[in-house]
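Below is one structure, written out as structure tokens; comments come after it.
The values are calculated or read from the model by the stated rules, or taken from the named source; none is laboratory data. The structure displayed is predicted, hence computed values, not measured ones. Cβ atoms come from the backbone with ideal geometry, glycine included; neighbour counts cover every protein chain shown.
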């Protein structure tokens, strides 16, 4: 159906179109100078040494685990309240995802106290996911990781330019990974970025993203090298210049887009805060946030009631979603997982409301009024 108020709205105009046309006319459309410029711009915006463009965030997570020397049988602590790619990347290399519960209905990030209890002699690292762009407790998690000699990999797909105590998310752990899927804050259709301050990790990622080859096609085409060696078993994880050209434009728009999302979130909270039976996660969050999504929870209503509320919102033309079904309850992970009571309760009561920079205050008035009317019944 066509929704009066969609969940997301793609922030595209003629600037993206012109960037693609310019790249097509350059006659170089694979990984080349435009991708290099996108990487440089991204690194500068996050104040990080290295940004490496990849075909999506899932492969960014995978290649990150490879260069962090995760081996078969290693345990990696990660959230269950995330998109399944976070755990799948661990499973790709036959490591073991160990799922951690979230803090509370008010804070949907991993609970550091529970992280520490999950550590065993097999634990190699921690993958944090900054839910909705809201930062995990990185001071606590960093201290835990340091005391147990564990790496931190940041799944920052929700959080470009989000901050934790003045640091950009994705730049706090050893590696950060970002998504440019069509509904993300930065969209190139498909695409991802890996960032790190480690020269050695960046060198290996660049090598492995293109089959373990010592030179890229663009370098050889310009006469910088006429031959190459293959020194490691790598992958075809490159991003092309067409999508990178879109990414450059999207990156230019990002600060303004996020400032507007801050205003939208503040107005949402004002309109929703007094609705009985509704919990607004991160309501008092003070750090700068990308506000990728706007989640709310029905107060212990259960999935049947939650689905009824969503159906009624849809009937009123308001598109919603659920971020996310718990990964540990999917069939592929169910047999080796333990109960996560907070995550499971949150997932049964969660509704993701529309959030994008083109939402008007009138749209939010309509959403809040509709939600209040439905819940009062």
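For residue 177, indicate whether it is assigned to a strand (DSSP E or B) and either under 22 Å from residue 321 (Cα atoms) or touching a helix residue (DSSP H, G or I) at 6+ places or on another chain (Cβ under 8 Å) (or both). Against the criterion (assigned to a strand (DSSP E or B) and either under 22 Å from residue 321 (Cα atoms) or touching a helix residue (DSSP H, G or I) at 6+ places or on another chain (Cβ under 8 Å) (or both)), residue 177 qualifies. Residues of region 278-292 that are surrounded by fewer than 22 Cβ atoms within 10 Å (Cβ to Cβ) and closer than 16 Å to residue 323 by Cβ: 279, 280. Taking region 119-149, which residues are in contact with a strand residue (DSSP E or B) (Cβ under 7 Å, 6 or more places away or on another chain), farther than 30 Å from residue 261 by Cα and buried (at least 18 other Cβ atoms within 10 Å of the Cβ)? Once the filter is applied, which keeps residues that are in contact with a strand residue (DSSP E or B) (Cβ under 7 Å, 6 or more places away or on another chain), farther than 30 Å from residue 261 by Cα and buried (at least 18 other Cβ atoms within 10 Å of the Cβ), region 119-149 yields 123, 124, 125, 145. Selection of region 86-106 for residues being within 26 Å of residue 53 (Cα to Cα) and crowded, with 20+ Cβ neighbours inside 10 Å yields 86, 87, 89, 90, 95, 97. Among residues of region 293-311 that are on the phi > 0 side of the Ramachandran plot and surrounded by fewer than 20 Cβ atoms within 10 Å (Cβ to Cβ), those with a Cβ under 6 angstrom from a residue that is part of a helix (DSSP H, G or I) and at pLDDT 95 or above, sequence gap 6+ or separate chain, pair up as 302/348. Here residue 350 meets each of (1) touching a residue at least 60 places away in the same chain (Cβ under 8 Å); (2) closer than 29 Å to residue 168 by Cβ with one exception, condition (1).
Under 24 Å from the mean Cα position of the chain (by Cα), in the same structural domain as residue 86 (by TED's automatic domain parsing) and surrounded by fewer than 20 Cβ atoms within 10 Å (Cβ to Cβ): which single residue out of 37, 25 fits that description? Before the answer, list the steps.
Working: 25 fails: under 24 Å from the mean Cα position of the chain (by Cα).
Being under 24 Å from the mean Cα position of the chain (by Cα), in the same structural domain as residue 86 (by TED's automatic domain parsing) and surrounded by fewer than 20 Cβ atoms within 10 Å (Cβ to Cβ) holds for just one of 37, 25, which is 37.
In region 177-192, what residues are farther than 15 Å from residue 85 by Cβ and crowded, with 23+ Cβ neighbours inside 10 Å? Matches in region 177-192: 185, 186, 188. Going residue by residue through region 226-248, is there one that turns out to be modelled with pLDDT of 95 or more, surrounded by fewer than 17 Cβ atoms within 10 Å (Cβ to Cβ) and either assigned to a helix (DSSP H, G or I) or assigned by TED's automatic domain parsing to the domain that holds residue 282 (or both)? No, region 226-248 has no match at all.
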